[in-house]
Amino acid sequence: MLNIILMGPPGAGKGTQAKKIIAAYGIPHISTGDMFREAIAAKTPTGELAASYINKGMLVPDEVTIALVKERLSKDDCAKGFLLDGFPRTIPQAEALEKLTKEINRPISAVINITAEKDVLVKRITGRRVCKSCGAPFHIETLKPKVEGVCDYCGGELMQRKDDTLESLAVRLDAYEHQTLPLVKFYADRNLLHDIDGLIGLENVFKIICDIFERIK
Ligand code: AMP
C-alpha cells in the first residue's frame, strides 16, 4: 500500500517529486501548504488565520493543521493510498498522524526524506516561481518555463510565493531545523525512513522513489 510521507527542507524538491509521483501512481496528493494557499485564496477563516503565519515563514499552529489533515485523510479516495507532502512538520503532528492512521487503518508505509544543504536551498527557493492557477513549480535558472512567466501545463501566470523571499526563508529554514528535523529520528525509529540526496538530479531522485515504491507496493 502506498501510504507515503514526503519530507525535506523547503527547496529540496518535494513539490516537483510530488507532481511526478501523483502522475505515475495516481494517488491523492495531500499538501498542507497547497490546502492553506487554497483557503487563503478563498478567504475562509482558516485561510485568514493561516496567512498570518505563512507570510512570515512561520508554521501554522498544530491543532489547525492536524484538523485539516484529519478531514482530508479520512475521505474515501485515500483508501487506496495517499501522498502526504509537507505534513507532518512537528512531533505533535507526527504523533497525531500515527494515532489517526491507526484509527482509520491506513498505516504509513514509507517516509521519503529528500535532503539538501542550506546554500543550495536558498538558491533554489529565491529563484522559484509557481503557477498561480495549478501550482506547478518552475525556476528562473534551472527549470525555466517554455515562455517566460507562463505555465507550461495550464498557461497560467507564474509568480513568486510571498514566503519565498530571503527574509521568510530564514524563518522557514529555522523552523525546519528545530521543529521538523526531529521527525527524521521519529520515523527512523519506526523503520520507515528512506533518505535520498536531493542534489543528484530530479530524474535520479524519482527513480529511487519508484524503486522504493515497487518494494513496498
Ligand atoms: P509548503 O508549501 O509545504 O512549503 O508550505 C507553505 C507554508 O504553509 C509553510 O511555510 C507553513 O507556514 C505552512 N504549512 C504547511 N504545512 C504545514 C504543517 N504541516 N504545519 C504547519 N504549517 C504548515
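The values are calculated or read from the model by the stated rules, or taken from the named source; none is laboratory data. Predicted model only: the values in this text are computed from it and were never measured. Here Cβ is always computed from backbone atoms with ideal geometry, including for glycine, and neighbour counts include all displayed protein chains. To get the accessible areas, we keep the full protein, side chains included, count just its heavy atoms, and leave off ligands, DNA and RNA. Shrake-Rupley method; radii C 1.70, N 1.55, O 1.52, S 1.80 Å.
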Inside region 1-104, counting only helices (runs of 4 or more DSSP H) that do not spill past its ends, which hold 3 or more residues that are within 9 Å of the ligand (Cβ to nearest atom)? 32-41, 45-54, 62-73
If you check every pair at least six apart or on different chains, which have Cβ atoms under 6 Å apart with a residue in region 81-94 that is aliphatic (A, V, I, L, M) first and a residue that is open to solvent by 10 Å² or more (accessible area, probe 1.4 Å) and not in a helix (DSSP H, G or I) second? L83/I27; L83/H29
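Those residues that are in a strand (DSSP E or B) and open to solvent by less than 30 Å² (accessible area, probe 1.4 Å), I need them from region 138-182; list them, please.
So in region 138-182, the residues in a strand (DSSP E or B) come out as 138-139, 143, 150, 157-159.
Scanning region 138-182 gives F138, H139, L158.
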Could you please tell me which pairs satisfy a Cβ distance under 8 Å, a separation of 6+ or placement on different chains, a first residue in region 45-63 that is at positive phi, and a second residue that is open to solvent by 50 Å² or more (accessible area, probe 1.4 Å) and more than 8 Å from the ligand (Cβ to nearest atom)? G57/E167; G57/A170; G57/V171
